[in-house]
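Derivation of every value follows stated rules applied to the coordinates shown; laboratory data play no part. As the structure is a computational prediction, the values presented were derived from the model and not from experiment. Cβ: placed from backbone, ideal geometry, glycine included. Neighbour counts: every protein chain shown.
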Amino acid sequence: MKLSLLVALSSAVLISGCESPNKKKGDKTKPQAPVHSPATPAKEEHGDVAFQSFISRLRTAVAARDLPTLAALMTDDFGYRWDQGPQGETAFDYWDQNHLWSQLSTIINSKWTAHEGFMVAPPQMAVVPNYDGYRAGVAMVDGGWKFAYFVSAPPAE
């Protein structure tokens, strides 16, 4: 009986010391990929992690109406209307006056796609001729993403 116990313990020690195909010396356990809940927006066509991070910050700032953060995410020449606005008007003023915050949120929470040097939302803007809805665009500026515009369809000529 003592011999059986000794053999069993020895076998357990030897087997636990063996390398498995999934575990090599020096390797750390790799974290599992995150599970996306239905509330998480789908991955955009652009697989750039910096882009994904930027869009996440933009969505969060719009949802919270965090004006300082939004201002930091926008280009200096941000486009929010086709005509020349009144002196001193900001995009935020325009969105407030025209009740556009929910429209902005809807657009930036849609999927993004590449179009004419920008990443644009919604993707219909890039594929539907004469798309007549609101659209948003982000661009790479000095190595980082910036919110470049949120406008309605261009005026008829």
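Could you please find all residues in the range 101-121 being in contact (Cβ under 8 Å) with a residue 40 or more places away in the chain and out of contact with any Pro (no Cβ under 9 Å at 6 or more places or on another chain)? Answer for the range 101-121, where residues must be in contact (Cβ under 8 Å) with a residue 40 or more places away in the chain and out of contact with any Pro (no Cβ under 9 Å at 6 or more places or on another chain): 104, 105, 108, 114, 119.
Going by the structure shown, is residue 60 under 19 Å from the mean Cα position of the chain (by Cα) and of a type in the set (Val, Ile, Thr)? Quick ask: steps written out before the conclusion?
Working: under 19 Å from the mean Cα position of the chain (by Cα): yes; of a type in the set (Val, Ile, Thr): yes.
Here the answer is yes, as residue 60 does meet what is asked.
Is there a residue being within 22 Å of the chain's Cα centre (by Cα) and either among the acidic types (Asp, Glu) or closer than 21 Å to residue 49 by Cα (or both) anywhere in the range 122-134?
Residues of the range 122-134 that are within 22 Å of the chain's Cα centre (by Cα), as a first pass: 122-127, 133-134.
If we keep only those that are either among the acidic types (Asp, Glu) or closer than 21 Å to residue 49 by Cα (or both) too, we end up with 122-123.
Yes; the residues of the range 122-134 include at least one that is within 22 Å of the chain's Cα centre (by Cα) and either among the acidic types (Asp, Glu) or closer than 21 Å to residue 49 by Cα (or both).
All of (1) part of a strand (DSSP E or B); (2) over 15 Å from the mean Cα position of the chain (by Cα); (3) without any contact (Cβ under 8 Å) to a residue 24 or more places away in the chain hold for residue 78 with one exception: (3).
Kindly provide the set of residues from the range 122-150 that are within 20 Å of residue 71 (Cβ to Cβ) and either crowded, with 20+ Cβ neighbours inside 10 Å or without any contact (Cβ under 8 Å) to a residue 24 or more places away in the chain (or both), ordered by number. Correct list: 136, 137, 138, 140, 142, 143, 145, 147, 148, 150.
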